[in-house]
1. Just to be sure, is B:L317 crowded, with 18+ Cβ neighbours inside 10 Å, over 30 Å from the mean Cα position of the chain (by Cα) and of a type in the set (A, V, I, L, M)?
2. Restrict the check to the range A:404-417 and report whether at least one residue is touching a residue at least 60 places away in the same chain (Cβ under 8 Å), within 25 Å of A:E154 (Cα to Cα) and under 23 Å from the mean Cα position of the chain (by Cα).
3. Quick check on this structure: which one of B:T267, B:T243 is under 24 Å from the mean Cα position of the chain (by Cα), within 18 Å of B:E154 (Cα to Cα), within 10 Å of another protein chain (Cβ to nearest Cβ) and buried (at least 21 other Cβ atoms within 10 Å of the Cβ)?
4. Which of the residues that make up the range A:350-375 are of a type outside the set (K, R), open to solvent by 40 Å² or more (accessible area, probe 1.4 Å) and under 20 Å from A:E164 (Cβ atoms)?
5. When you check B:L249 against the structure, is it crowded, with 21+ Cβ neighbours inside 10 Å, more than 12 Å from chain A (Cβ to nearest Cβ) and assigned to a helix (DSSP H, G or I), yes or no?
6. What about B:R179, is it touching a strand residue (DSSP E or B) at 6+ places or on another chain (Cβ under 7 Å) and not aromatic (F, W, Y)?
7. Within the group B:N295, B:N226, B:N259, B:N237, which residue is open to solvent by 20 Å² or more (accessible area, probe 1.4 Å) and within 14 Å of chain A (Cβ to nearest Cβ)?
There are 2 protein chains.
Amino acid sequence: MKQILVIGAGRSSSSMIKYFLDNAVQENWFVRVGDMDLKLAQEKVGNSSHGEAFAFNALNPEERWKELQNKNLVVSMLPAHLHIEVVKDCIKLGIDIITPSYISNEMKELHQAAEEANVLVMNEIGVDPGMDHMSAKKILDDIEQMGGEMDSFESFTGGLIAPESDNNPWNYKFTWNPRNVVLAGQGGAAKFIQNGQYKYIPYNKLFRRTEIIEIDGYGKFEGYANRDSLKYRSVYNLEGIPTIYRGTLRRVGFCRAWNMFVQLGATDDSYVIEGSENMTHRDFINSFLAYDAHNSVELKLRYYLNIEQDDYIWDKLEWLGIFSNEKVGLKNATPAQILQKILEGKWSLEKDDKDMIVMWHKFTYKLNNVMKEIHSSMVYIGKDQTYTAMSDTVGLPVAICAKLILNGTIQTKGVQIPILKEIYEPVMKELEDFGMKYVEKEVR
Amino acid sequence: MKQILVIGAGRSSSSMIKYFLDNAVQENWFVRVGDMDLKLAQEKVGNSSHGEAFAFNALNPEERWKELQNKNLVVSMLPAHLHIEVVKDCIKLGIDIITPSYISNEMKELHQAAEEANVLVMNEIGVDPGMDHMSAKKILDDIEQMGGEMDSFESFTGGLIAPESDNNPWNYKFTWNPRNVVLAGQGGAAKFIQNGQYKYIPYNKLFRRTEIIEIDGYGKFEGYANRDSLKYRSVYNLEGIPTIYRGTLRRVGFCRAWNMFVQLGATDDSYVIEGSENMTHRDFINSFLAYDAHNSVELKLRYYLNIEQDDYIWDKLEWLGIFSNEKVGLKNATPAQILQKILEGKWSLEKDDKDMIVMWHKFTYKLNNVMKEIHSSMVYIGKDQTYTAMSDTVGLPVAICAKLILNGTIQTKGVQIPILKEIYEPVMKELEDFGMKYVEKEVR
């Protein structure tokens with residue numbers, strides 16, 4: 001019987017653990033699920049006889065070392081910066097390990113050690129990063145094989161609310177970490193290259209330089225640039241490509257309205273607002289507006305940010321309750337923390353809400369002196385609030401990859417991301433069975 | 001004979017060293033001027049028989065300790081973060097020391113040690129900080145003594161070009177460190193309090209939230225908020241004041257035009273522009289604008305930033321040569337470094353140009369139930385490019401303070417800034433002899 005160790009039983013582990021337990025008999029697996037929070041692990045394993053939940057502190061070297069003995073495969077769902085010690089132990093013990101997280105430089109440096117120990121350390125195999133790599137690389141490899149020359153690559157992903165649960169003016173709810181949504185785009189200019197020209201977008205313009213895309217059956221979306229598109233040139237072996245752009249998707253209109261908070265300074269996480277504890281939503285907004293004894297906060301905001309009273313932005317802002325006299329109720333909070341609190345009151349999922357993952361790639365290339373264009377898109381809607389689209393699209397690629405390693409289909413060793421055909425082809429094939437199917441179309 | 005040691009003979013030391021040498025006979029002083037760059041020190045001392053220039057590395061503990069022996073007073077003109085070791089030695093040796101720099105927390109912690117050693121460590125006694133403290137505190141103390149209750153305090157300072165040398169559309173030239181001008185306002189929201197309401201201005205709005213002031217005989221200026229006005233409440237003993245605001249002065253129209261660079265992202269110092277070495281000014285601007293095969297950089301910029309073609313902003317931008325095909329010629333440069341290079345080509349002082357320091361305070365207070373308002377302003381124009389307004393206003397308060405310490409007028413000990421009457425009164429009195437006179441007027 002093959003022993004699988006899952007470290008971390010948070011929200012993103014649900015679908016993966018279910019897959020492991022569902023396939024345990026057929027594949028002859030036994031699944032140990034460890035988490036600091038025993039209850040969380042127990043919830044995920046349920047009363048399955050093919051798995052066992054246990055309290056586990058993966059940061060304790062002895063506890064970890066003991067638990068890793070006799071495992072055939074490890075999946076680490078820890079926060080990204082905590083994988084490294086687990087990986088080092090796995091290399092020593094000759095155990096393959098998977099994480100969905102971005103590969104760190106420290107991780108990359110373990111490549112040779114992993115290869116020498118005949119160990120696979122698979123990273124970036126969730127949804128973004130993960131399915132984006134696999135679905136893009138599949139088409140890029142096809143184009144290369146045909147002898148095509150890449151002219152541009154654009155790629156957008158978004159974690160959104162499903163159309164059937166989309167019932168607010170922002171067409172948005174928090175389907176994942178709210179803090180990341182509030183801070184999105186901060187920490188440096190967005191960088192990309194277009195027709196051979198390097199382009200830079202500062203945070204204060206990020207949400208005004210959007211691109212609109214349309215997906216058959218799902219309507220229009222808008223994308224804003226991710227922080228660094230340039231690094232994907234080396235990741236995808238596209239060193240000389242004239243255009244590469246990666247972005248995040250929202251429903252059309254979101255970014256223009258969100259930009260109001262950016263312009264106000266309400267997404268700033270670098271200082272604490274004085275007296276935040278006793279502040280109302282209205283006070284919070286007023287703290288970014290000039291003092292004026294006569295005009296209302298509403299009027300001052302409109303005037304400051306040039307919002308016409310019949311602009312849809314205005315409805316969005318009002319609907320959030322930012323002008324209300326409700327207390328913020330957070331002590332020593334930054335603007336970003338206060339804004340998050342206000343948004344959580346409005347953008348939280350209701351009991352039956354479903355989330356949605358949307359991915360869209362555009363490839364243009366020259367083949368036999370003719371310019372060609374391919375669009376590839378995938379829309380996936382969650383089942384409920386446990387098996388969300390986010391949980392499925394992060395967890396199932398990990399789980400399928402685990403199966404393919406354990407059954408010998410994937411033989412590659414070393415520190416990897418899923419850009420090799422040997423990996424992405426079988427993973428994507430099985431993902432289709434779960435409804436994660438990419439629709440490709442050639443555009444004239 | 002009293003021995004004065006001056007550490008650092010850079011631009012800001014000129015006027016101070018001249019004062020020391022001019023007064024050496026009468027006061028019975030001998031002035032040692034040490035700098036890493038011997039030539040710089042020699043230039044400042046000239047052929048005076050009352051001073052001596054020498055090569056000096058103040059960071060070498062033994063060299064420093066040796067040099068400090070038998071000194072009666074030390075002036076440290078080192079970069080702010082380098083004073084601390086000199087000050088520690090001075091405390092051990094019982095020598096009074098002066099620096100024009102902002103007091104650091106590390107410096108503050110030496111207060112008791114300095115008092116116990118009967119040593120005065122005077123900080124923040126240049127122009128800003130320095131003359132701003134002294135001129136403000138003088139009026140604040142007067143108001144307090146009369147029994148007035150402070151309602152608001154606003155204070156602005158600017159280092160500008162003198163009217164007789166003001167011959168460009170920005171009404172601005174680099175009269176001090178250009179890098180600080182390009183980076184001004186970055187690194188956190190501006191914070192102040194107005195009528196009891198805390199107010200925060202993010203960088204992207206800083207140059208749009210200006211206040212216009214007028215000084216008799218010198219016309220209009222505009223001020224943008226300094227980063228932290230709130231800390232001056234404790235410095236000036238104004239804890240409960242409803243309004244406190246400190247800012248930086250420019251000529252009217254500067255800020256609105258400068259904001260264009262902020263909006264573009266051209267003042268960003270956090271990343272390196274690809275291929276900056278071979279870039280032209282025009283390429284630099286274009287790297288912040290969307291790709292467009294048909295429209296010119298000029299048109300794209302106008303459209304992006306909403307600049308009408310007859311807007312004065314447009315003349316300012318064009319005059320800078322930002323659309324020219326001149327090479328930037330900087331390798332691995334950040335946007336801020338490139339922008340600085342472009343500006344230095346236009347905003348540098350010509351041979352006979354003179355600079356100007358402008359300071360303006362506004363005090364409102366309640367006295368016997370009547371609201372009163374006082375404005376206090378000082379405009380000072382430099383003599384030439386050695387004895388600039390900046391050099392005079394930074395160096396003369398330091399030098400005068402030195403004299404007052406050496407002749408026993410200032411008796412205070414410990415780590416100080418010039419907010420005590422014992423200090424500011426005699427310093428300001430002598431500054432008037434140099435033409436640094438504050439014009440006070442009561443406003444109805």
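The values are calculated or read from the model by the stated rules, or taken from the named source; none is laboratory data. Just so we're clear, the structure is a prediction, and the values are computed from it rather than from any experiment. Because the Cβ atoms are built from the backbone with ideal geometry, glycine has one as well, and the counts that use them run over all protein chains shown. Protein only, heavy atoms only, side chains kept; ligands, DNA and RNA dropped before computing areas. Shrake-Rupley method; radii C 1.70, N 1.55, O 1.52, S 1.80 Å.
1. Values: crowded, with 18+ Cβ neighbours inside 10 Å: yes; over 30 Å from the mean Cα position of the chain (by Cα): no; of a type in the set (A, V, I, L, M): yes.
Considered against the rule, which asks whether it is crowded, with 18+ Cβ neighbours inside 10 Å, over 30 Å from the mean Cα position of the chain (by Cα) and of a type in the set (A, V, I, L, M), B:L317 comes out as no.
2. Here is the first cut: in the range A:404-417, the ones touching a residue at least 60 places away in the same chain (Cβ under 8 Å) are A:405-407, A:410, A:412-417.
With within 25 Å of A:E154 (Cα to Cα) added as a condition, the list becomes A:416-417.
Now narrow it down to the ones that are under 23 Å from the mean Cα position of the chain (by Cα): A:416-417.
Yes, that holds for at least one residue.
3. Values: B:T267 fails: within 18 Å of B:E154 (Cα to Cα).
Exactly one of B:T267, B:T243 is under 24 Å from the mean Cα position of the chain (by Cα), within 18 Å of B:E154 (Cα to Cα), within 10 Å of another protein chain (Cβ to nearest Cβ) and buried (at least 21 other Cβ atoms within 10 Å of the Cβ), namely B:T243.
4. In the first step, residues of the range A:350-375 are kept if they are of a type outside the set (K, R); the result is A:350, A:352-353, A:355-361, A:363-365, A:367-371, A:373-375.
Restricting the remaining residues to those that are open to solvent by 40 Å² or more (accessible area, probe 1.4 Å) gives A:350, A:352, A:368-371, A:373.
Those that are of a type outside the set (K, R), open to solvent by 40 Å² or more (accessible area, probe 1.4 Å) and under 20 Å from A:E164 (Cβ atoms): A:E350, A:D352.
5. Details: crowded, with 21+ Cβ neighbours inside 10 Å: yes; more than 12 Å from chain A (Cβ to nearest Cβ): yes; assigned to a helix (DSSP H, G or I): no.
No: the conditions fail for B:L249.
6. Numbers: touching a strand residue (DSSP E or B) at 6+ places or on another chain (Cβ under 7 Å): no; not aromatic (F, W, Y): yes.
No, not satisfied.
7. Details: B:N226 fails: within 14 Å of chain A (Cβ to nearest Cβ); B:N259 fails: open to solvent by 20 Å² or more (accessible area, probe 1.4 Å); B:N237 fails: within 14 Å of chain A (Cβ to nearest Cβ).
Going through B:N295, B:N226, B:N259, B:N237 in turn, the sole match is B:N295.
Yes/no per residue for (1) part of a helix (DSSP H, G or I); (2) of a type in the set (A, V, I, L, M, F, W, C):
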position: B:I244; (1), (2): no, yes
position: B:C255; (1), (2): yes, yes
position: B:N259; (1), (2): yes, no
position: B:A266; (1), (2): no, yes
position: B:I273; (1), (2): no, yes
